[in-house]
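Take a look at the structure below.
Read the figures in this text as sums done on the coordinates, not as results from a lab. Since the model is a prediction, treat every value here as computed from it, not as a measurement. Neighbour counts run over all protein chains shown; Cβ positions are idealised from the backbone, glycine included.
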Amino acid sequence: MDVNIINGRVWINGNLEEANISINNGKISKLTNKENIQEADETIDAKENIVFPGFVDVHTHLRDSEFSYKEDFDSGTKAAIAGGFTTILDMPNTNPPITNVAELNNRQKRANNNIFCNVGFYCSPVNANDINELKISNAIGYKIYLHKPFPDQDLSDKNLIEIMYKIKENNGILAIHAEDHNWFDGIIHTNEAEIKAIKRITDLAKLTKCKIHFVHVSTKEGLGIIKQNKKELDVSCEATPHHTILNTDKIKGREYYCEPPLRDKENQESILNSIIEGDIDMIATDHAPHSIQDKKEGKPGFSGLEITAPLIIDLYKKDKITLKRIYEILVWNPIMRFGIKNRGKIKEGYIADLVVFDENKEQIINVNKFFSKGKNSPFDGMKITGSITKTIVNGKMVFDGKNIINSGMGKVLQNQLDF
Ligand code: NCD
Ligand code: ZN
C-alpha cells in the first residue's frame, strides 16, 4: 500500500464508520477495520475527524492568462484544496475568453502540471458547429452569459436554439447565467432580470430538450420557475454561499457587489430552504477573485473556494443541514450532473479524492490568510465552526490543514477517460 488513512470517521454508504482507508496507485484499494490493516509507506492520522469524498465545485473562475494578477492556476487551485475541493470546474470568461477549440486546448495545456486539484474546463461556444469538436476536446460543460455575450456571440433565440440542439445531440450540459439586461434598472441587476431570463431559457429547453444548469440562482420566483419545470425538463441549479447566507438587510455597500447581487431576506431565506430541502441541487462557490483595485472599480464577485465548505459545515453545526445533504450538494450532485467518472465515493476502486474536516474547530474567516490572490469576501471576520484539516487528491495529501504539500497532483478532467 502507498497510504493508509487511520482514525477517521469515514463517510461510507451514507453513514460515518470507523474505518481505515488504504490507497494504492491513487485509488482506494481497501476499507478495513484496525485489526486488518496492511502496512503502507505513509500513514495519515485523521484524528477522529470526518473523512468525506472530496468536495466538487462546478463554478470557479481560475482566471490565469491576462487575468493572472487576479488569480492564476497555482493560487486558485491552492485555494481550492485549502477549502477541501478536490475537483473544480473552471469558467470561460477569461482573457482571452474560452470560446473555441483552440483556446480550450491552450488552456488545458497550460493547466497541465500546474494544478493542485482536478480541473474540468467549460467553453462558451460562439458557433454551434464547434460543439462536436469541443466535446472531443473534453469541454466539461458549456456556459452562456445571457447578459454579457462574448464578441461575435449571437444570443438570439434562433442561435441559442441551434447551440442547445447541438449540446443535446452531444449529451452535454448548458450552464446559464440567467440575467436579461433588458430588465436591468440602470446599473441595478433587478430580480425581474433573473426571473425573465430563467423563463426564456426554460421555454427554449422545452423545445430543444437540452440539459440545463442554472448557475447562482438568487430569487424565489426564478427558483419557482425551475421547480415547476423539474418534472418536464432536464434542469438543475446551484446557489452560492453568499446568496444562501447573506442578504441586503444586513450587508450593504459597493465592495459587496456581485452578479447577481445579494437579495433581500425573503429571497435569501427561500434559497437557504431550497438548499436544505432539495429544490436547489448544489452549492457552488462562484469563486470570482479580483484585485483590490478592480473591486474599487466595481468588479463583481468574491473569493469563495476557501470558505464555502466551512460555511456549510457551520450550518450543520447549527442543525440547519444534515451530513447527508452536505454530501449531496457538495459532492454527489455535482459529480452526477457533470458526468465526472470514478470520483465521489469512499469505496474500493474509486479514485482517492478525499477531504478531512473537523466539524468542531472554530475559525475566524480572514481574507488575508487566503491562498487566493482575491482578498474579497463579505464573510471576512465571521466566526464559524468547521475547518478543513486535510485534502487528498488522486491519492496524495496536498493540504495538511495549514500548508500546501505535494505539488501538481491535479489532473485535467477528460470526458470519458477518468473511469
Ligand atoms: C463573475 C466574475 O467576476 O467572473 N462575477 C460575479 O460576480 N459572479 C462573473 C459571473 O460569474 O457572472
Ligand atoms: Zn461566475
Checklist entry - Which residue out of Leu246, Leu311, Leu305, Leu330 is closer than 30 Å to Ser68 by Cα, within 16 Å of ligand 2 (Cβ to nearest atom) and either hydrophobic (A, V, I, L, M, F, W, C) or in contact with a Cys (Cβ under 8 Å, 6 or more places away or on another chain) (or both)? => result Leu305
Next on the checklist: Step by step: first the residues of the range 86-111, then only those that are within 15 Å of ligand 2 (Cβ to nearest atom) and crowded, with 24+ Cβ neighbours inside 10 Å, then the one that is nearest to Thr308 (Cα to Cα). Which residue is that?
Outcome noted: Ile88
Checklist outcome for this item: Matching residues in the range 257-308 (of a type in the set (Ser, Thr, Tyr) and over 18 Å from Val367 (Cβ atoms)) number 2
Next on the checklist: Ala205 - would you say it is surrounded by 21 or more Cβ atoms within 10 Å (Cβ to Cβ), more than 22 Å from Glu328 (Cβ to Cβ) and in contact with a strand residue (DSSP E or B) (Cβ under 6 Å, 6 or more places away or on another chain)?
Outcome noted: yes
Item to check | Leading residue by the ranking (farthest from ligand 1 (Cβ to nearest atom)) among those in the range 291-306 that are among the polar types (S, T, N, Q) and surrounded by fewer than 21 Cβ atoms within 10 Å (Cβ to Cβ) | outcome: Gln293
Item to check | Residue that is nearest to Glu266 (Cα to Cα) [pool: residues in the range 187-225 that are within 16 Å of ligand 2 (Cβ to nearest atom) and assigned to a loop (DSSP other than H, G, I, E, B)] | outcome: Ser218
Next on the checklist: What are the pairs with Cβ atoms under 6 angstrom where one residue, in the range 141-157, is basic (Lys, Arg) and the other, located anywhere, is in a strand (DSSP E or B)? Sequence gap at least six, or different chains.
Outcome noted: Lys143/Tyr122; Lys143/Ala175
Checklist outcome for this item: So the helices (runs of 4 or more DSSP H) completely within the range 70-154 holding 3 or more residues that are within 16 Å of ligand 1 (Cβ to nearest atom) and within 19 Å of the chain's Cα centre (by Cα) are 73-82
Checklist outcome for this item: Of the residues in the range 63-78, those that are buried (at least 24 other Cβ atoms within 10 Å of the Cβ) and within 15 Å of ligand 2 (Cβ to nearest atom) come to Arg63, Lys70, Glu71, Gly76
